[in-house]
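**Q** Below is the structure I would like to discuss, written out as structure tokens.
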Amino acid sequence: MAQLPGKVALVTGAAAGIGAACAATLAREGARVLLTDLDDARGEATAARIREAGGEAAYLHQDVTQEDRWPEVVREAETRFGKLDVLVANAGIAILKPLLEMSLEEWRKQMAVNVDGVFLSVKYAIPAMKRAGGGSIILLSSVAGIRGSAGLAGYSASKGAVRLFAKSVALECAQDNIRCNSVHPGIIDTEIWDKMPLSSGGRNAPPDARAIAAASVPTGKLGTPQDIANGVLFLAADQSSYVNGSELVIDSGQTAGRVGSLSPH
């Protein structure tokens, strides 16, 4: 039986990777889904695949950092599908650079997408969810939003902001039947690794996600976008109705502790 019958979801950054997996999964479970992204060709293709599989989906071009676009996107969800029940704020970027190599422009760009974009998505989704009688807001953070990492100061700061923002939203919206939770992926096999700017300190190739997972994840496994989409589905569905202001960590144990055991000798 479908877990999201009659629900309407908005997924940002949905053209590929985790966003595309989330959109397809929610649609498979009965939700009508509005996808947004900057990559129009792939966004349209993702929406088309969902429709070909029997789901209901539409795509819109959107820069999540532009406030004037947000009322239009939310209005489109309500006009086309009748309401808005679920927000998956997934759009984000990663700039992997040591702090002293990062320019203020890069810092601000990352904050604009990862923090401002999330703020705007929530700000404009909440009134629509109130009109719908409630909803579920799901914010994509990261394991980097839980603990620090050398070379990830800017990214960690942005994802840590999302983590605490989710908790505050949950408290502000509790009386409106609107839940808000954050999802914290570990090392996931997506294109974000290939898009990371190179370091002037000698790194001349994108990070090897598989090698990072082998070294830092207890199981040694690299996660998939579907692993994250499965968690997002749980938070979108009524089965998680008592889950609010929480962190769903999906990292195969990466943040649980140090790999290996301590010898008493």
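The values are calculated or read from the model by the stated rules, or taken from the named source; none is laboratory data. Treat the numbers as computed from the prediction; the structure is a model and nothing was measured. No Cβ is skipped: glycine too gets one built from the backbone with ideal geometry, and neighbour counts run over all protein chains shown. Remember, those area values only see protein heavy atoms, side chains included, never the ligands or the DNA or RNA. Shrake-Rupley method; radii C 1.70, N 1.55, O 1.52, S 1.80 Å.
**Q** For Thr25, state whether it is out of contact with any Asp or Glu (no Cβ under 8 Å at 6 or more places or on another chain) and open to solvent by less than 10 Å² (accessible area, probe 1.4 Å). If you could, list the steps in order and put the result at the bottom.
**A** Numbers: out of contact with any Asp or Glu (no Cβ under 8 Å at 6 or more places or on another chain): yes; open to solvent by less than 10 Å² (accessible area, probe 1.4 Å): yes.
Yes, satisfied.
**Q** Still on this structure, please answer the following. Which one of these does Ala215 not meet: (1) part of a loop (DSSP other than H, G, I, E, B); (2) modelled with pLDDT under 70?
**A** (1)
**Q** Considering every residue within the range 56-63, establish whether at least one is at negative phi, exposed (fewer than 13 other Cβ atoms within 10 Å of the Cβ) and out of contact with any His (no Cβ under 6 Å at 6 or more places or on another chain). If you could, list the steps in order and put the result at the bottom.
**A** First, the residues of the range 56-63 that are at negative phi: 56-63.
Checking the rest, the ones that are also exposed (fewer than 13 other Cβ atoms within 10 Å of the Cβ) come to none.
No: the range 56-63 contains no residue that is at negative phi, exposed (fewer than 13 other Cβ atoms within 10 Å of the Cβ) and out of contact with any His (no Cβ under 6 Å at 6 or more places or on another chain).
**Q** Where residues in the range 28-52 are among the hydrophobic types (A, V, I, L, M, F, W, C) and more than 21 Å from Gly231 (Cβ to Cβ), which of them is surrounded by the fewest Cβ atoms within 10 Å (Cβ to Cβ)? Walk me through it before giving the result.
**A** Residues of the range 28-52 that are among the hydrophobic types (A, V, I, L, M, F, W, C), as a first pass: 31, 33-35, 38, 41, 45, 47-48, 50.
Those still in the list that are more than 21 Å from Gly231 (Cβ to Cβ) too: 38, 41, 45, 47-48.
Numbers: Leu38: 13, Ala41: 9, Ala45: 15, Ala47: 26, Ala48: 12.
Step by step, filter the range 28-52, then rank; the result is Ala41.
**Q** With the requirement that a residue be assigned to a loop (DSSP other than H, G, I, E, B) and either within 11 Å of the chain's Cα centre (by Cα) or free of Cβ contacts under 8 Å to residues at least 60 places away in the same chain (or both), what does the range 7-29 give you?
**A** Gly13, Ala14, Ala15
**Q** Still on this structure, I have one more. Which of the residues belonging to the range 169-184 are part of a helix (DSSP H, G or I) and open to solvent by less than 60 Å² (accessible area, probe 1.4 Å)? Don't jump to the end; show me each part of the working.
**A** Taking the range 169-184 first, the residues part of a helix (DSSP H, G or I) are 169-176.
Correct list: Val169, Ala170, Cys173, Ala174, Asp176.
Condition check ((1) open to solvent by less than 50 Å² (accessible area, probe 1.4 Å); (2) in a loop (DSSP other than H, G, I, E, B); (3) modelled with pLDDT under 95) across all residues:
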site: Pro71; (1), (2), (3): yes, no, no
site: Lys83; (1), (2), (3): no, yes, no
site: Glu106; (1), (2), (3): yes, no, no
site: Lys109; (1), (2), (3): no, no, no
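**Q** Has the range 122-138 got any residue that is open to solvent by less than 30 Å² (accessible area, probe 1.4 Å), at pLDDT 95 or above, in contact with a Lys or Arg (Cβ under 6 Å, 6 or more places away or on another chain) and closer than 23 Å to Leu10 by Cα?
**A** Yes: the range 122-138 contains one or more residues that are open to solvent by less than 30 Å² (accessible area, probe 1.4 Å), at pLDDT 95 or above, in contact with a Lys or Arg (Cβ under 6 Å, 6 or more places away or on another chain) and closer than 23 Å to Leu10 by Cα.
**Q** Further question on the same structure: Could you give me the residue pairs with C-beta distances under 7 Å whose first residue belongs to the range 111-137 and is at positive phi, whose second residue is modelled with pLDDT of 95 or more and open to solvent by 20 Å² or more (accessible area, probe 1.4 Å) wherever it lies, and which are 6+ apart or on separate chains?
**A** Cβ pairs passing all conditions: Gly133/Asn177; Gly134/Asp176; Gly134/Asn177.
**Q** So which residues in the range 31-44 are under 20 Å from the mean Cα position of the chain (by Cα) and among the small types (Gly, Ala, Ser), if there are any at all?
**A** Within the range 31-44, the subset under 20 Å from the mean Cα position of the chain (by Cα) is 31-40, 42-44.
Scanning the range 31-44 gives Ala31, Gly43.
**Q** Here is a follow-up. Can Leu96 be described as in contact (Cβ under 8 Å) with a residue 12 or more places away in the chain and hydrophobic (A, V, I, L, M, F, W, C)? Full working, then the answer.
**A** Working: in contact (Cβ under 8 Å) with a residue 12 or more places away in the chain: yes; hydrophobic (A, V, I, L, M, F, W, C): yes.
Spelling it out, Leu96 is indeed in contact (Cβ under 8 Å) with a residue 12 or more places away in the chain and hydrophobic (A, V, I, L, M, F, W, C).
**Q** Please identify the pairs in which a residue from the range 30-57 that is without any contact (Cβ under 8 Å) to a residue 12 or more places away in the chain has its Cβ atom under 6 Å from the Cβ atom of a residue that is in a strand (DSSP E or B), counting only partners at least 6 apart or on another chain.
**A** Here the result reads Arg51/Ala57, each pair linking the range 30-57 to a residue that is in a strand (DSSP E or B).
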